[in-house]
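The values are calculated or read from the model by the stated rules, or taken from the named source; none is laboratory data. The structure presented is a predicted model; accordingly, all values stated were derived computationally and were not measured. Virtual Cβ from ideal backbone geometry, glycine too; neighbours counted across all protein chains shown. All accessible areas refer to the heavy atoms of the entire protein, side chains included, with ligands and DNA or RNA removed. Shrake-Rupley method; radii C 1.70, N 1.55, O 1.52, S 1.80 Å.
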Amino acid sequence: MNADKKNEFSVELHEKSSVKKVIGVVSGKGGVGKSLVTSLMAVIMQRRGHQVAILDADITGPSIPKSFGLKGPAGATEEGLLPVMSKSGIQIMSVNLLLSDATDPVVWRGPIIAGTVKQFWSEVIWEDVDYMFVDLPPGTGDVPLTVFQSLPLDGIVVVASPQELVNMVVAKAVKMAQKMNIPILGLVENMSYFKCPDCGSVHEIFGKSNMEAVAEQYGVPLLEKIPVDPIIADLCDKGLIEMVKENWFEEFAKVLEK
Ligand code: ADP
Ligand code: MG
């Protein structure tokens, strides 16, 4: 955790918690695979022997517990809330793990949402976390911005899909990150291509992407291009994302470990 990033919004970590590095995952809009990328990054760091946590800050669209097959309610002690452990030992906290019915919509206003995220940071007892990944709300509006300001992020990763105006998404994220003095660690293109399981040929179904050019333009690395893959969708649906065969983000993991 970067101690210099304290600002008027920042809240203290629970005294029983220890979190070394906090990485935010952002996107321009919902549905582009932000939660998938968050999960895959957590999975690879866990596979590489680190203590890993996911803070699901996407309060109105929480989907992390589902892809890990987790249900609440999360436990609590007098000291605070306890994260729920995934099968492979990733510590997870999400609003879905607190609702009695995970299909209940969260219809809270911005300040309450931001307050909840702050509580996930300060009132959950995170235990010896090397890498915490934060699934942030999509966009650069008021709620994501406040969430962004509430957590001591060490860096962010921007996820986009080829159908988007990637240039604009990235430009906004870069500006937001600069304003907050937080480095952009890289870009991810999700749903980048489709690889035919029979013949192995690659199809850019959403057209040619300009992600490489955008990455170069802003001087940030393109971390990964993830294909549209029915197996990935199925693993998320069944709560088995930890069984993913590929080691996506392995190169990025090595960079984080330096
Ligand atoms: P976001 O968090 O940005 O709203 P999600 O990560 O929840 O997006 O992804 C939206 C949906 O698309 C989920 O059902 C997920 O399983 C599916 N999905 C995301 N990326 C892929 C992919 N590369 N291949 C197949 N399905 C995907
Ligand atoms: Mg999501």
Legend entry - Residue list for the range 80-100, restricted to those being in contact with a Pro (Cβ under 8 Å, 6 or more places away or on another chain), β-branched (Val, Ile, Thr) and not in a strand (DSSP E or B): Val95
Legend entry - Number of the exception - Phe68 against (1) within 16 Å of ligand 2 (Cβ to nearest atom); (2) open to solvent by 20 Å² or more (accessible area, probe 1.4 Å); (3) on the phi < 0 side of the Ramachandran plot: (2)
Inset, instruction - Run Thr146 past the list (1) in a loop (DSSP other than H, G, I, E, B); (2) open to solvent by 20 Å² or more (accessible area, probe 1.4 Å); (3) of a type in the set (Val, Ile, Thr) and report the number of the one that doesn't hold. - result: (1)
Legend entry - Matching option when the condition is in a loop (DSSP other than H, G, I, E, B) and either out of contact with any helix residue (DSSP H, G or I) (no Cβ under 6 Å at 6 or more places or on another chain) or more than 21 Å from Gly30 (Cβ to Cβ) (or both), among Thr140, Thr103, Thr116: Thr103
Inset, instruction - Determine the pairs where a residue that is in a strand (DSSP E or B), located within the range 32-58, has a partner that is within 10 Å of ligand 1 (Cβ to nearest atom) and of a type in the set (S, T, N, Q) with Cβ atoms under 7 Å apart, the partner being 6 or more residues away or on another chain. - result: Ile54/Thr38
Inset, instruction - Filter the range 184-201 down to the residues that are free of Cβ contacts under 8 Å to residues at least 24 places away in the same chain and within 16 Å of ligand 1 (Cβ to nearest atom), then identify the one that is least open to solvent (accessible area, probe 1.4 Å). - result: Cys196
Inset, instruction - State all residues of the range 234-251 that are surrounded by 17 or more Cβ atoms within 10 Å (Cβ to Cβ) and part of a helix (DSSP H, G or I); if no residue qualifies, say none. - result: Leu235, Cys236, Ile241, Glu242
Legend entry - Filter result for Ala57 (among the aliphatic types (A, V, I, L, M) and closer than 24 Å to Val174 by Cβ): yes
Inset, instruction - Take the residues in the range 202-218 that are small (Gly, Ala, Ser) and surrounded by fewer than 16 Cβ atoms within 10 Å (Cβ to Cβ), then tell me which one is modelled with the highest pLDDT. - result: Ala213
Inset, instruction - Scan the range 220-231 and report the pairs whose first residue is open to solvent by 60 Å² or more (accessible area, probe 1.4 Å) and more than 16 Å from ligand 2 (Cβ to nearest atom) and whose second residue is in a helix (DSSP H, G or I) and among the β-branched types (Val, Ile, Thr), with Cβ atoms within less than 9 Å and a gap of 6+ or a chain change. - result: Pro221/Val255
Inset, instruction - Residues being within 17 Å of Leu36 (Cβ to Cβ) and among the hydrophobic types (A, V, I, L, M, F, W, C): count how many of those fall in the range 117-139. - result: 3
Inset, instruction - Might you let me know whether the range 191-202 holds any residue that is in contact with a strand residue (DSSP E or B) (Cβ under 7 Å, 6 or more places away or on another chain) and among the β-branched types (Val, Ile, Thr)? - result: yes
